[in-house]
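This report concerns only the one structure given below.
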Amino acid sequence: MEGLSFGPLSTLPSLVEELNPHRIAFLTNTTVERLWLEKAAEGIEEPIRIVIPDGEEYKSLETAVAIWKRLQEEGFTRKSLLIGLGGGVVTDIAGFVASTYMRGTLLGLVPTTLLAQVDAAIGGKTGVNFNGKNMIGTFYLPNFVLIAQETLSTLPEEEIRNGLGEVAKYALLDRNIYALTRNFEGINETLIKECALFKAEVVEKDLIEGGLRRMLNLGHTAGHAIEKLSGYRIKHGLAVSMGLMVASKVGEELYGFDSGKAEELLGRLGLPTGHPFRAKEILEEMRLDKKAWYGRITFVIPVEIGDVVVEEVDEAVLKRALEATRDDSGSCDCQKPRGSA
Ligand SMILES: NC(=O)c1ccc[n+]([C@@H]2O[C@H](COP(=O)([O-])OP(=O)(O)OC[C@H]3O[C@@H](n4cnc5c(N)ncnc54)[C@H](O)[C@@H]3O)[C@@H](O)[C@H]2O)c1
Ligand SMILES: O=C(O)C(=O)C[C@@H](O)[C@H](O)[C@H](O)COP(=O)(O)O
Ligand SMILES: [Zn+2]
């Protein structure tokens, strides 16, 4: 993908200069402002600093409105550059705002979570939640994405684990990435690069999700439903992990996929394999999924490691997979409210 680079934060000014922007604004959140904004802004002349509260609940139209207002007050134009510095919440909103403000401004993304470095900042899906995950959004490719791994040095362990949920998705989609996770001892540069490049390659072939790109939604049909049902207390990557297990059970029933392989993979990465909800609740939410183009639930189904199909699935099959993967023991750490120990 054009514009995808791996390097230290100190390379940001040269990426910015190439675009010759009229004005420059950083969009970040309160946490990342404190940890990384000064360093990211070094060598960039008088950037505007827009800081939003931290949390998935702020990935909203209200936040977008506040940012649009601020950009207007600052005299931002179509030749101005918005730089999203943060995790997936910030990069998703930055993309959405940049794509809609004056029908499109320059956009740069500097992802600072594992999840955003391997997934959210790549591929041009932007959006906000609106009675459901990412219900309002656009496809809008950034002018650059800078993956600066130094930013992960301040990332809490639980956020690394969150990012591993998407890494596990790639491992089921791609044999090479699966092989890299075989002796997993922690996240490393190669794994991040391979995941990012895998996604970039898929998106290059199918930006607007007409076909091939739909595979990247593996684990997300149930995952998004679980995330929403939890009131966003279950983090995206962990919800995806639970969704991967549901999809794997569907694959087992329909295609003989060995769901034990998925369970092992998730175990190796320290990810949850069970979800805490009733099948009926999840099914209701899944009917609203974006892939239900004609009103029926469509699923990305693993057939074997490195191979998936995308097709409508009978609700009885889904119900069995959801029941088989339910963990109502209360032991599931994913049920803890945000911020609790
Ligand atoms: N557009 C896409 O293709 C795509 C792909 C995957 C996920 N997403 C979206 O991404 C979002 C999840 O992203 P996320 O997991 O990065 O969540 P997030 O943006 O909420 O970040 C997680 C936490 O890490 C903190 N943080 C960020 N960088 C940090 C750093 N370097 N050091 C310490 N703390 C840091 C944040 O402040 C936040 O508290 C979801 O909304 C999901 O829907 C989008
Ligand atoms: O980029 C994609 O395409 C993906 O599906 C990546 C997912 O990890 C991501 O969570 C995406 O936002 C989900 O897509 P959505 O269209 O269902 O919101
Ligand atoms: Zn995702």
Report summary line: With x for Gly and Pro, the residue-by-residue ³J(HN,Hα) of segment 225-232, computed from phi through the Karplus equation 6.51 cos²θ - 1.76 cosθ + 1.60 at θ = phi - 60° and given in whole Hz, is 5, 5, 4, 5, 4, 7, x, 6
Report summary line: The answer for I83, listing residues at least 5 apart or on another chain whose modeled amide H is closer than 5 Å to its amide H, is A25, F26, L27, G108
Query - Taking segment 4-154 and dividing mean pair separation by its residue count, relative contact order in percent (alpha carbons under 8 Å, at least six apart) - result: 27 percent
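Can you tell me which of 84-97, 200-213 comes out highest on packing, and rank the rest after it, using the mean Cβ neighbours within 10 Å?
In descending order of packing, they fall as 84-97, 200-213.
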Report summary line: Non-local residues with an amide H under 5 Å from the amide H of F6, with H modelled 1.01 Å from N and Pro and chain starts lacking one, are I147
Report summary line: By the mean-Cβ-within-10 Å protection proxy, highest first, 121-128, 174-181, 228-235 rank as 121-128, 228-235, 174-181
Requested in this report: For segment 12-26, take each phi angle, set θ = phi - 60°, evaluate the Karplus expression 6.51 cos²θ - 1.76 cosθ + 1.60, and give the result in whole Hz per residue in order, putting x for glycine and proline.
Outcome: 4, x, 6, 5, 5, 3, 4, 8, 6, x, 6, 9, 10, 10, 8
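Please report R23, R182 as a ranked list, fewest other C-beta atoms within 10 angstrom at the top and most at the bottom.
Exposure proxy ranking, most exposed first: R182, R23.
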Report summary line: Once Lys and Arg are counted +1 and Asp and Glu -1 for all other residues with Cβ under 13 Å from that of L266, the total becomes +1
Query - the chain - share of DSSP beta bridges that are antiparallel (%, nearest 5) - result: 30 percent
Query raised in the report: Which percent, nearest 5, of DSSP beta bridges in segment 4-154 are antiparallel?
Result: 10 percent
Report summary line: Here segment 92-102 yields Karplus 3J(HN,Hα) values (6.51, -1.76, 1.60; θ = phi - 60°; whole Hz; Gly and Pro given as x) of 5, 6, 4, x, 5, 5, 5, 6, 9, 5, 6
Query raised in the report: What pairs in K249/K319; K39/K193; K59/K280; K59/K205; K59/K249; K169/K280 have C-alpha atoms more than 20 Å from each other?
Result: K39/K193; K59/K280; K59/K205; K59/K249; K169/K280
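Read the figures in this text as sums done on the coordinates, not as results from a lab. Bear in mind that the values here come from a model prediction, so they are computed numbers and not experimental data. With ideal geometry, Cβ positions are generated from the backbone for all residues, glycine too; neighbour counts draw on all protein chains shown.
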